[in-house]
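Working notes, structure below.
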């Protein structure tokens, strides 16, 4: 796995609880979910290489903060590629009681990137807490 991918294991939960927890964690930061990408279904639809699908469930949740986006692009116009931020949530067929969340780190090269990293960490931590509650 690439060095910039951060993966978190959430035991004793399920996909729906983790998904809902992730949405709530994003919204509790005052942010709006921009899109939900049904990644597993995309793999099923495209059947690339007719390989077995590695996921029981998999979605990518995208969101961004306007304030953070402005800070990032003022630091460097090329940093527009960092928005929207994305967090993947997925389960594997062999054990659906373990949910995984993952995101690609924006790095720590600028203060905007550091703030984006801290935001991603907070969102995943809160989502994991909510997922364990199965609220």
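List, please: which pairs have Cβ atoms under 8 Å, are six or more places apart or on different chains, and start with a residue in the range 36-61 that is closer than 18 Å to residue 100 by Cβ and end with one that is modelled with pLDDT under 90 and assigned to a helix (DSSP H, G or I)?
If the second residue must be modelled with pLDDT under 90 and assigned to a helix (DSSP H, G or I), the pairs left are 53/43; 53/44; 55/43; 58/43.
From the list 25, 51, 12, 69, which residue is closer than 27 Å to residue 93 by Cα, touching a helix residue (DSSP H, G or I) at 6+ places or on another chain (Cβ under 9 Å) and at pLDDT 95 or above?
Residue meeting the stated conditions: 25.
Please tell me if residue 7 is modelled with pLDDT under 95 and surrounded by fewer than 18 Cβ atoms within 10 Å (Cβ to Cβ).
Judged against the criteria, residue 7 is not a match.
With respect to the numbered conditions (1) within 19 Å of residue 29 (Cβ to Cβ); (2) surrounded by fewer than 17 Cβ atoms within 10 Å (Cβ to Cβ); (3) within 18 Å of the chain's Cα centre (by Cα); (4) touching a residue at least 24 places away in the same chain (Cβ under 8 Å), which one is the sole condition not fulfilled by residue 87?
(2)
Does residue 85 count as under 25 Å from residue 109 (Cα atoms), modelled with pLDDT of 95 or more and touching a helix residue (DSSP H, G or I) at 6+ places or on another chain (Cβ under 7 Å)? If you could, list the steps in order and put the result at the bottom.
Working: under 25 Å from residue 109 (Cα atoms): yes; modelled with pLDDT of 95 or more: yes; touching a helix residue (DSSP H, G or I) at 6+ places or on another chain (Cβ under 7 Å): yes.
Against the criterion (under 25 Å from residue 109 (Cα atoms), modelled with pLDDT of 95 or more and touching a helix residue (DSSP H, G or I) at 6+ places or on another chain (Cβ under 7 Å)), residue 85 qualifies.
Any residue at all in the range 94-104 that is within 10 Å of the chain's Cα centre (by Cα), buried (at least 16 other Cβ atoms within 10 Å of the Cβ) and over 12 Å from residue 57 (Cα atoms)?
yes
Write out, first by first residue and then by second, each pair whose Cβ atoms fall under 6 Å of each other, whose residues are 6+ apart or on separate chains, and whose first residue, in the range 1-21, is assigned to a helix (DSSP H, G or I) while the second is surrounded by fewer than 16 Cβ atoms within 10 Å (Cβ to Cβ).
Pairs that qualify, where the first residue is assigned to a helix (DSSP H, G or I) and the partner is surrounded by fewer than 16 Cβ atoms within 10 Å (Cβ to Cβ), are 17/134.
The values are calculated or read from the model by the stated rules, or taken from the named source; none is laboratory data. In this text, all values refer to a predicted model and were calculated from it rather than measured experimentally. Here Cβ is always computed from backbone atoms with ideal geometry, including for glycine, and neighbour counts include all displayed protein chains.
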